[in-house]
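So the structure is just underneath, and the comments pick up after that.
The values are calculated or read from the model by the stated rules, or taken from the named source; none is laboratory data. Since the model is a prediction, treat every value here as computed from it, not as a measurement. In this analysis, Cβ positions are derived from the backbone assuming ideal geometry, glycine residues included, and neighbour counts consider all displayed protein chains. Side chains are part of the model used for accessible areas, which takes the heavy atoms of the whole protein and leaves out ligands, DNA and RNA. Shrake-Rupley method; radii C 1.70, N 1.55, O 1.52, S 1.80 Å.
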Amino acid sequence: MFKRLTYWFYYCFLILVSCKQPEKLPPVVFNSDITAFEFSVFEESSSGGSNFLVAAEQVLLWKGLLNDSISLHKAILKNAENSTLIFQKENTWLSEFVSVSDGVNFLTKFFCIETEDSVLYKAYITFETDTNKLVIEGRANKTNSSGLFFFFKPGFENEEYTYIKFLNVFWSIDSLNNKTIKFTNNQIGENNLNSFLIKDTTSVDYNSYLEVYDKGNERICYINRNKVTKKGRVKYFFHYNNDDWHCWNEQLSDINCN
C-alpha cells in the first residue's frame, strides 16, 4: 500500500512539473546611445575654415535641444537600460528608479508592454506636484533594430499646464551596427518639424552623413564627414547658391573638392 502511494505521489509530481508554465523573460531594452551625438568637434570654430564653419553653424543649432532639453530623458533611458524589469501582469513589465537631471531627483516608473511583434515603452515621472507624468512613449521591434520615441516636457496647451510632445526620435541599426537616427522637432512655432538626421555610412572617405532640415524655410544642409580624421564636406544651396560640395581637410581648413 505504501509503495503504491509513493508511486502515486511521484506520478502527480511529474504531472505538476510538466504543466508548469515556462518562466517569463523580460523584453530586451534598447541601447540608450540612440540619443547621443558628439557636438564637440563642431565647436572647434577658432581653427576651422569657412566651409567647416557653415556645417558647424547648422549642426550646432541642435546642440541646446539635444543636450539640455532632453537631459532628463537621456538619464531615464540610461537607467532603464541598466535596471531590472519586474513582471506585473499579462505582458507588462516595470522598473522603478530615480533619474537625476540638473541635480534634481525624479522618481521614475518605466513600463515595457510586449505585443506580438514589438514592445511599447512608457516612462512616467513624479516630481513635486507633478505626479505620474508621461515623459517618454515609444515602440521598438523585438530585435531592437528600429524604433520610434516621443519625448514630452512641461508646457501649456489650450492655456492649461500639461506635458506636451516636443521631440520625436527615430532610430534603426543594421546588421553591421550602422546606426540611423532622426530627431524631429514637434514644438509649435517656426521650428516645428525641423529635423536632424545622423547616419553611419560604409564610405572610406566619409563614414558619417548628416542632414539638417529647416522645414519652415525649406532649406536642407547636407554634410559628410569622417569621424576619425575630421575631414568633411558640405552642400548648402542657401549659403553657396549652388549644389556643389565644399570641402575641408583634417585640419578643418578649406580645400578644393576632388
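What a 1.4 Å probe finds exposed on the chain is 52% carbon and sulfur by accessible area, rounded to a whole percent.
Stokes-Einstein D for segment 141-233 at 4 °C, 1.567 mPa s, Kirkwood Rh over Cα pairs, in µm²/s?
86
Annotation note: GluC sites (Glu not before Pro) in segment 78-173 located in DSSP loop regions with a Cβ neighbour count of at most 12 within 10 Å are Glu90, Glu116, Glu128, Glu159. Here the relative contact order of the chain, from alpha carbon pairs under 8 Å that lie six or more residues apart, stands at 13 percent. Given R₀ = 25 Å, FRET efficiency for Ser47-Thr180 by Cβ-Cβ distance, to 0.05? Efficiency at R0 = 25 Å is approximately 0.25.
Measuring between their Cα centroids, segment 106-179 and segment 234-249 lie 36 Å from each other. For segment 182-258, relative contact order (Cα pairs under 8 Å, six or more residues apart, normalised by length) works out to 18 percent. Only one item in (1) 31, 19, 17; (2) 45, 31, 15; (3) 48, 24, 15 matches semi-axes √(5λ) of the Cα gyration tensor in Å derived from the coordinates shown, and that item is (3).
Largest GNM mean-square fluctuation across Phe196, Phe110, Phe238, computed for the chain with C-alpha springs under 10 Å, falls on Phe238. Rolling a 1.4 Å probe over the heavy atoms of the protein chains gives segment 79-150 an accessible area of 54 Å² per residue.
What number results when the radius of gyration of segment 34-164, computed over Cα atoms, is divided by 2.2 N^0.38 Å?
Details: Rg = 17.9 Å, N = 131, 2.2 N^0.38 = 14.0 Å.
In units of the 2.2 N^0.38 Å rule of thumb, it is 1.28.
Ellipticity at 222 nm from helices only: DSSP H runs of n ≥ 4 in the chain, each -39500 (n - 2.57), divided by the residue count, give -5500 deg cm²/dmol. Summing Lys and Arg as +1 and Asp and Glu as -1 over all other residues whose Cβ lies under 13 Å from the Cβ of Asn79 gives a net charge of +1.
Annotation note: trypsin sites (Lys or Arg not before Pro) in segment 117-163 located in DSSP loop regions with a Cβ neighbour count of at most 15 within 10 Å are Lys142.
Say R0 is 35 Å: what FRET efficiency, to the nearest 0.05, do Asn82 and Thr202 get from their beta-carbon distance? My answer for the efficiency is 0.70.
Remark: relative contact order (segment 87-128) = 32 percent; criterion is Cα-Cα distance under 8 angstrom and separation of 6 or more residues.
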